[in-house]
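Structure first, then comments.
The values are calculated or read from the model by the stated rules, or taken from the named source; none is laboratory data. Because the structure is a prediction, the values reported are computed rather than measured. Glycine gets a Cβ as well: all are built from the backbone with ideal geometry, and neighbour counts include every protein chain shown.
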Amino acid sequence: MQKTYHEQLQIWDKQYLWHPFTQMQDYLKETPLIIEEGEGIYLRDTGGKKYIDGISSMWCNIHGHRKKEIDDAVKIQLDKIAHTTLLGLSNIPAIELARRLIEIAPRGLTKVFYSDNGSTANEVALKMAFQYWQHKGLKDKRQFVALQHGYHGDTVATMGVGGIDIYHKVFQPLYFKTHFAPAPYCYRCPLGKQPKDCSLACLEALENILKEHQDGIAAMIMEPMVQGAGGMIIHPPGYLSGAHALCKKYNVLFILDEVLTGFGRTGKMFACLHEDVVPDIMTISKGINGGYMPLAATLAAEDIYNAFLGTYADLKTFFHGHTYTGNPLGCAAALASLQLFMKERILEILVSKIQYLGNRLKPFASLKPVGDVRQCGLIAALELVRDKSTKEPYPWKERIGIQICLEARKQGLLIRPLGHIIVIMPPLSIKNDEMDRMLDVINESIQVVLP
């Protein structure tokens, strides 16, 4: 690509684009990084520089970029049809994928409702849960329970169950009633407990909410095992199954947001399988088709589905849908991705990769600015602190996480922080030597910025 065009793209980027989750005043002072192509775990910019994709292109790439089997599946489907509506019609890839998803999902989930992304999948789940109780005649059950530091999307309903103030607080007047339970954030326990003797006290706090408000609560929604955007908070064993049992006890639907954790990220196909939990509703996106194109699904139990059945005049229909619901290209890519899980024995091979990552992360705990090292599967995070003894975080205005990620970029690694937390989430296809390089760059970048 000619240098003049490369420079023109940088000008147009600043002139026309408004980037998500980006303070544009700062962005306009920087030189835009524009990706032109990718292969495997690597991306290449318009200047020809190569980078490790350390965040899996926002936590969604599974098999690496330009995976031949997925490329071919999309091309074959494109030669047939790119899109047709699912409103009253159907298409072959959408049908085949729905069947395949139910085969691999926790037993008890039987129906698939497609949408476009994680936010819409969760929006669907919340609406399903609310309307379910309306059809059941329990019309007071219209509130929700969620976790502090939880993140479920950026639509109004999903922000309403979001527990991250910097993202969600400004929109507070738009929300319905949500009760927030303390997150099982062991490094910064909101109840002041220590992991060795807490006995999952956070579950007691959750039970108090459910017990007091059970007649008004439609559902609880949570991310299983790992709370992503809230700081890659790793839940202690037993919390997930405990929360599920409490929802059953108090007649509250249980929604699991597997948008981030699904499709092998935690070492199993879905995170809820670690504790043999079957939710009433489960949402999936990101890795569903290997990170190729927008696609999401909301999986529901038969009882949920049956509550919406009736005559046309009953108005029990689930009046929700999107233009690109069940898009054939996205579904074809997803089918190819799921075939790769079997063909390449991905979950089996992940066991040793997860162990290798865990061993390579151990030395980070001795670094002065690293307060906590967290890992679940091939998801990891380093929480940086100004003072290890007090766990005092770096002030937001110092942009410590951003500085470290910019230094890593100079060394050929693309990562993105959550404030003062460094997120490590490469494609599942990463090799051990590539993992070594990624972690070495992160180590060096921390020491350059915080010597």
Test: Gly47 is on the phi > 0 side of the Ramachandran plot, out of contact with any Ser or Thr (no Cβ under 9 Å at 6 or more places or on another chain) and either assigned to a strand (DSSP E or B) or at pLDDT below 95 (or both):
no
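Does Ser115 satisfy the criteria of being in the same structural domain as Lys268 (by TED's automatic domain parsing), surrounded by 23 or more Cβ atoms within 10 Å (Cβ to Cβ) and not aromatic (Phe, Trp, Tyr)? So that I can check it myself, show each step before the final result.
Values: in the same structural domain as Lys268 (by TED's automatic domain parsing): yes; surrounded by 23 or more Cβ atoms within 10 Å (Cβ to Cβ): yes; not aromatic (Phe, Trp, Tyr): yes.
Yes; evaluated as a whole, the condition is true for this residue.
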Could you pull out the residue among Gly216, Gly231 that is in the same structural domain as Ala296 (by TED's automatic domain parsing), under 15 Å from Arg374 (Cβ atoms) and among the small types (Gly, Ala, Ser)?
Gly231
Inside region 389-404, can you point out the residues that are within 20 Å of Ser366 (Cα to Cα) and in a helix (DSSP H, G or I)?
Ile400, Gly401, Ile404
Complete set of residues in region 187-204 that are surrounded by 14 or more Cβ atoms within 10 Å (Cβ to Cβ), among the aliphatic types (A, V, I, L, M) and free of Cβ contacts under 8 Å to residues at least 40 places away in the same chain
Ala201
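Residues checked against (1) among the β-branched types (Val, Ile, Thr); (2) in contact with a Leu (Cβ under 6 Å, 6 or more places away or on another chain); (3) assigned to a loop (DSSP other than H, G, I, E, B):
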| residue | (1), (2), (3) |
| --- | --- |
| Gly287 | no, no, no |
| Leu299 | no, yes, no |
| Asp303 | no, no, no |
| Phe308 | no, no, yes |
| Phe319 | no, no, yes |
| Tyr324 | no, no, yes |
| Leu338 | no, no, no |
Using the structure shown, decide if Ala301 is under 23 Å from the mean Cα position of the chain (by Cα) and hydrophobic (A, V, I, L, M, F, W, C).
yes
Matching residues in region 395-404 - criterion: being closer than 15 Å to Val370 by Cβ and either touching a Gly at 6+ places or on another chain (Cβ under 9 Å) or at pLDDT below 95 (or both):
Ile400, Gly401
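I'd like to know if region 424-434 contains one or more residues that are over 21 Å from Gly64 (Cα atoms) and acidic (Asp, Glu). Quick ask: steps written out before the conclusion?
Residues of region 424-434 over 21 Å from Gly64 (Cα atoms): none.
Taking every residue of region 424-434 in turn, none turns out to be over 21 Å from Gly64 (Cα atoms) and acidic (Asp, Glu).
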Subset of region 177-197 [within 23 Å of the chain's Cα centre (by Cα) and either under 19 Å from Asn122 (Cβ atoms) or not assigned by TED's automatic domain parsing to the domain that holds Arg142 (or both)]
Thr178, His179, Phe180, Ala181, Ala183
Can you tell me which residues in region 136-159 are β-branched (Val, Ile, Thr) and either closer than 20 Å to Asn117 by Cα or outside the structural domain of Asp215 (by TED's automatic domain parsing) (or both)?
Thr155, Val156, Thr158
When both residues are 6+ apart or on different chains and their Cβ atoms are under 6 Å apart, which pairs have a first residue that lies in region 239-265 and is surrounded by 21 or more Cβ atoms within 10 Å (Cβ to Cβ), and a second that is of a type in the set (Phe, Trp, Tyr)?
His244/Phe254; Cys247/Phe254; Glu258/Phe270; Leu260/Trp59; Gly262/Phe270
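Per-residue answers, yes or no, for (1) hydroxyl-bearing (Ser, Thr, Tyr); (2) in contact with a Ser or Thr (Cβ under 6 Å, 6 or more places away or on another chain); (3) at positive phi:
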| position | (1), (2), (3) |
| --- | --- |
| Gly377 | no, yes, yes |
| Leu382 | no, no, no |
| Arg386 | no, no, no |
| Leu406 | no, no, no |
| Gly412 | no, no, yes |
| Ile421 | no, no, no |
| Met425 | no, yes, no |
| Asn443 | no, no, no |
